[in-house]
Amino acid sequence: MENSSILPETCRLCLVRHGETAWNTERRLQGHLDIPLNETGLAQAAATARRLQVLGHGFAALYCSDLTRARQTAAAIARQQTLEVVHDERLRERHYGLFQGLTYDEAEHRHPELYRRFKAREPDFGFPGHGESLIGFASRVHAALEDITGRHAGQAVLVVTHGGVLDIAHRLASSAPLEAARNFPIPNAALNWIERTGERWRLLAWADEGHLGGGALDELPNI
């Protein structure tokens with residue numbers, strides 16, 4: 001997205017999904033489990049940092065999930081942007097309860113009824129094992145993004161987070177319902193732009209992965 005002036009009452013967010021992990025390649029649900037980047041993910045983080053430096057947006061702050069895969073991605077960006085990383089656990093991935101550590105295929109095979117409810121995007125369905133409901137997860141993400149934008153009116157801010165958080169952010173900015181099947185990509189380490197003016201959110205640009213040379217994973221199911 002090209003650099004452009006920001007209205008004094010507007011905050012613009014550049015949202016970045018963390019780079020690739022070994023579990024992404026296995027289509028294994030990570031949730032709150034703390035999985036590091038693999039070699040490809042580290043290279044993607046560096047490429048994203050270089051791309052943001054070239055764009056020259058002059059970001060005012062850098063917020064990040066406190067999980068390692070996001071922290072590693074943010075650290076590469078912070079070195080280029082000379083920004084201090086602010087960690088916020090509200091930017092974590094959704095907690096998938098007993099699904100965490102399973103591949104999507106394993107989860108469907110072992111827990112078919114729970115997987116059906118997950119796939120149907122039932123807003124009130126919470127995973128057994130301290131997992132979050134979709135509506136509870138969305139409320140957490142909304143609160144984090146509203147706080148960040150409220151602190152940075154008239155500025156651009158970077159947010160490094162997870163695929164599930166980006167799913168919620170896209171729906172927030174596009175006014176799409178939580179229950180609707182996903183029809184937009186969420187690649188590792190791509191750039192995604194939204195902004196907030198007052199109480200109005202707007203989707204600006206999504207899934208810019210030109211700096212990654214192709215092949216960035218979007219292993220999340222289209223649900």
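Quick notes
- Tabulated pairs, the stretch 106-118, first under 11 Å from P128 (Cβ atoms), second not aromatic (F, W, Y), C-beta under 7 angstrom, 6+ apart or interchain: none
- If you go through the stretch 18-77 and keep only what is among the hydroxyl-bearing types (S, T, Y), crowded, with 19+ Cβ neighbours inside 10 Å and over 13 Å from the mean Cα position of the chain (by Cα), you end up with T21, T40, T48.
- Index of the failed condition, I148 passing every other in (1) closer than 28 Å to R28 by Cβ; (2) hydrophobic (A, V, I, L, M, F, W, C); (3) within 16 Å of the chain's Cα centre (by Cα): (1)
- Residues that are acidic (D, E), assigned to a loop (DSSP other than H, G, I, E, B) and farther than 12 Å from R71 by Cβ, drawn from the stretch 18-45: E20, E26
Just so you know, all these numbers are worked out from the coordinates, no wet-lab data involved. These numbers come from a predicted model, not from an experiment. Glycine gets a Cβ as well: all are built from the backbone with ideal geometry, and neighbour counts include every protein chain shown.
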